[in-house]
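A short worksheet on the structure shown next.
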Amino acid sequence: MNRVIFYLNLNFLVIYSGAQVLSTNLLDKKVDSVLHLMTIQEKIGQTNMYNGFMEFTGPTIENEDNKSKIENIKSGLVGGMLNTLSVKEIRAAQKLAVENSRLGIPMLFGYDVIHGYKTMLPVPLAQAASWDRQVAEVSARISAVETASSGLHWTFAPMIDVCRDGRFGRIMEGAGEDPYLTSVMTEAWIKGYQGSDLSDEYTIAACAKHFAAYGFVEAGREYNTADISRNTLYNVALPPFKAAVDAGAATFMNAFNLVDGVPATGHSHLQRDILKGVWGFEGFVVSDWWSIVEMVSHGFAIDRQDAGRLAMLAGSDMDMEGRVYEEHLAELIKSGEIDETLLNDAVRRILRVKFQLGLFDDPYKYCDESREAEQIFKPEHREISREVARKTAVLLKNENDLLPIKEQVKSIAVIGQMASSKDVPLGNWRAQAITDSGVSLLEGIKNAAKDIEVSYSEGYRLSKGERNFVFELTLAPDDTTGFQEALTFARESDMVVMAMGEDCFQTGEGRSQTDTRLKGNQVELLKRIAEINDQLVVVLMTGRPVAIPEVAAIAPSILQVWYGGTEAGNATADILFGNYNPSGRLPVSFPYYTGQEPLHYDRTNTGRPGANPWNPSVVFWSHYTDSPNQALYPFGYGLSYTEFEYSNLSNRVKEGMVEVKINVKNIGQIEGLETVQVYVRDPVATVAQPIKKLVDFKQVRLKPGEQVTVEFILDEKDFGFYHPDFTFYAENGAFEIMVGKHSEDFISEQVMVTFN
Ligand code: BGC
């Protein structure tokens, strides 16, 4: 194989393979040649996915309980497994299938590699905050290289659920509140995982999840119903999934939630009409864990068998650990309730992915101990993780240019339990990351601080006891015993850097909250510190938009760093000390109060959007009496150590297209990266449109004093929307085009456009 390793301009490692991709025709012939040999039982086997041999004490296939699993694998009755880890374990499991079953069909091995396998990259929401396709692509590429080297060839990522509600813990796993930004990230993530050739042993199959509307669970509560309008489903929840199909995602995962009263797993309109029909998706759909069985609890299926029937009819091709297809499909086919052609279609889709991965050529092709030893957690990956993490931090506030840290600062007090944590920065959904394998903020500051005295005090305690993916996190009770030392250090130091935020196990699956204010007594300590030292920087670590009006009022500087992965501490220090000029922009609106959630910039106008101009004190308009309507920090927002000025917005309309130009100038003292954002509004339409929606953005790096003209070409796809019958088109007439720094700071113009 012709393999070239090269570096992109940002020194991001890209592994490129020149291998030939199977032509569709040849692929289909190969798939059919296998399908024709299969018995019904063997076909059903392909739709059956088992959880692996992982026990809490470690991986093993020797365990007594695994006996029936092993027998079924040997009989060719299992199509894939999740959570079987390491080359050794995967080879052993694959051997069971390939060397014992009648047809020797290899199994698929999948795992949740959400933001890294052992080298952690920033969590997906943070990656989206870079607004940089390369950040997403290279992060996925590193994940793929490590995952593939561990013997796996399928990740259950990217999670591309648009989510507008900070209460939902899984907001951390996606790209935030905007369908366009999420689509851009989706494309880059899939490219990063899958490369241009799935059979390359360093690429893995991606899985776009959770189809669909999982980000809209009511009140942000995990596994809850999604009561979503057709308009929002078509125009907000679905576009990233369309982008996933266009980017060639090999697989999809459906969702736990109801969509308009029907479980996503049993949703024919979503899976058959739209995904496999209109969009022409050729890969397969795996259910979410037990989501077929859960249709009984939803009140949609009578029993397990009925759930299996409904799921297969609706186009769920593979059953993740539910054992429903395994137990009931044969009976359903025999009774005629399921036509065998549906099963054939599911199996064809699954086999196709196995061929594309090259598993029929060599079932063990991902099982190479030397690659496993060489590639996983290698220094180059950590270095890239640091570069990536720097691009994800968002500077929320920087009064009097307190940051970057100036030369005259000779002592820094680093405060907060999370500042010394080597684990919190790894984030949740951390695959095989080793506990405490991250660089803490404190370590990062110490590594970077030259001739500066660094002291550390825990100050507040956020969590205590065991922290992990599975069990509820125990937050520390409010105790102020650490305050005194922290205050002393703060008093004696030139500057304070205080880590605040949430433990990483406050976000992720099963981590919904009703209150997104910072827990414990962090804010109390912040207030006390601010009284004695005004050279105060807050480094905020969260996986969700948090409600921080007090922090915003008190702290002169706030840097949102999310969970930045293995090298987080070094990456943050790069920014604090001015070795990197922050360039991240918010992919989610930060509210003043949790009660504003779900909060998003692309809202539609109410009939009473503003106060009565003749009598502003009258209450009868759409507002809260105890909170502003808008965000504390809006979507797209983020500061830099320099400043950018926008001028001369112009446009030229020609045959359904609008050429937009704007001048952007760096009017500050240092070089910086600006993200120029374009929003549009259709002010009058047959379906009321959002007051603005992001349609494009470009990043420009400018030296001090430098000015560029940034150009965009907008067309029907930017001005249009999905109509109730799922047709997409733009309606002729007037539009507003807004170009600027973020969703609330822009220059705008009106244009008239005719599309046909
Ligand atoms: C999650 C999925 C995940 C699956 C397998 C489910 O609980 O919703 O996102 O891929 O488990 O771990």
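The values are calculated or read from the model by the stated rules, or taken from the named source; none is laboratory data. Source: prediction; values computed, not measured. Every residue, glycine among them, receives a Cβ derived from its backbone with ideal geometry; neighbour counts consider all protein chains shown. Side chains included, ligands, DNA and RNA excluded: accessible areas come from the protein's heavy atoms. Shrake-Rupley method; radii C 1.70, N 1.55, O 1.52, S 1.80 Å.
Close amide-amide hydrogen proximity is noted between Met498 and Ile415, Val537, Val538, Val539, each under 5 Å apart and 5 or more residues distant or on a separate chain (H modeled in the peptide plane; Pro and chain starts excluded). Counting only protein heavy atoms and using a 1.4 Å probe, the accessible area of Leu103 comes to about 60 Å². Using the Stokes-Einstein relation with a Kirkwood hydrodynamic radius computed over Cα pairs, the translational diffusion coefficient of segment 644-753 at 4 °C and a viscosity of 1.567 mPa s comes to 88 µm²/s. In sequence order, segment 696-706 has phi-based couplings of 6, 7, 9, 9, 10, 9, 10, 7, x, x, 6 Hz under the Karplus curve 6.51 cos²θ - 1.76 cosθ + 1.60, θ = phi - 60°, and Gly or Pro positions carry x. Would you mind checking segment 218-256 for residues with the amide N under 17 Å from a putative spin-label position 7 Å along Cα→C-beta of Val278? What the label zone holds, given the 17 Å backbone N cut-off, is 228-247. Once divided by 2.2 N^0.38 Å, the Cα radius of gyration of segment 257-300 becomes 1.19.
Dipole size of the chain about its Cα centre, with +1 on Lys/Arg Cβ and -1 on Asp/Glu Cβ: approximately 660 debye, rounded to the nearest 20. In the complete set of protein chains, residue-level accessible area for Tyr214 is approximately 0 Å², probe 1.4 angstrom. Across the options Leu238, Asn581, Gly705, the greatest Cα extent toward the positive end of the charge dipole of the chain (unit charges at beta carbon of Lys, Arg, Asp, Glu) belongs to Gly705. Toward the positive end of the charge dipole of the chain, with +1 on the Cβ of Lys and Arg and -1 on the Cβ of Asp and Glu, the farthest Cα among Thr514, Tyr223, Ala499 is that of Ala499. Backbone geometry of segment 362-372 corresponds, through the Karplus equation with coefficients 6.51, -1.76 and 1.60 at θ = phi - 60°, to 3J(HN,Hα) couplings of 8, x, 9, 5, 8, 9, 9, 4, 5, 5, 4 Hz, x marking Gly and Pro.
Here the contact order of segment 644-753, divided by its residue count and restricted to Cα pairs under 8 Å and six or more residues apart, works out to 31 percent.
Remark on His210: its backbone amide H falls under 5 Å from those of Ile160, Asp161, a criterion applied only to residues 5 or more positions apart or on other chains, H modelled at 1.01 Å from N.
Can you quote the Å³ per residue value for the convex hull of the Cα atoms in the chain, rounded to an integer? It would help to have the intermediate numbers written out before the result.
Details: hull volume 128.7 nm³, N = 756.
Cα-based convex hull of the chain, divided per residue, equals 170 Å³.
Taking DSSP loops as anything outside H, G, I, E and B, show the longest stretch in the chain free of GluC sites (Glu not before Pro) there with at most 12 other beta carbons within 10 Å. Longest run free of exposed loop sites: 63-406. Taking every protein chain into account, the accessible area of the chain amounts to 37 square angstrom per residue (probe 1.4 Å). Normalising the average separation of contacting C-alpha pairs (under 8 angstrom, six or more residues apart) by the number of residues puts the relative contact order of the chain at 13 percent. Using a probe radius of 1.4 angstrom, the carbon and sulfur fraction of the accessible surface of segment 582-696 is 51%.
Taking each of Lys209/Lys446; Lys209/Lys397; Lys209/Lys527; Lys527/Lys692; Lys242/Lys741; Lys118/Lys365 in turn, the alpha-carbon distance tops 30 angstrom for Lys209/Lys446; Lys209/Lys397; Lys209/Lys527; Lys527/Lys692.
Under 5 Å between amide hydrogens, built in the peptide plane, is the criterion, and for Ser196 it picks out Ser17 among residues at least 5 positions away or on other chains. Phi-derived couplings, Karplus 6.51 cos²θ - 1.76 cosθ + 1.60 at θ = phi - 60°, listed residue by residue for segment 635-650: 3, x, 7, x, 9, 9, 6, 10, 10, 10, 10, 9, 7, 6, 5, 9 Hz, with x used for Gly and Pro. If r is the Cβ-Cβ distance from Thr488 to Ala688 and R0 is 60 Å, what FRET efficiency results, to the nearest 0.05? It comes out at approximately 0.55.
Under the convention that each Lys and Arg Cβ holds +1 and each Asp and Glu Cβ holds -1, the size of the dipole of segment 644-753 around its Cα centre is about 280 debye.
For the pair segment 295-314 and segment 319-345, the centres of their Cα atoms are 12 angstrom apart. FRET efficiency for the Ser647 to Asp401 pair, using the beta carbon distance and R₀ = 30 Å, is estimated at 0.80. Accessible area per residue (1.4 Å probe, heavy atoms of protein chains only) ranks Trp429, Trp290, Trp614, Trp131 as Trp614, Trp290, Trp429, Trp131, with the largest value leading.
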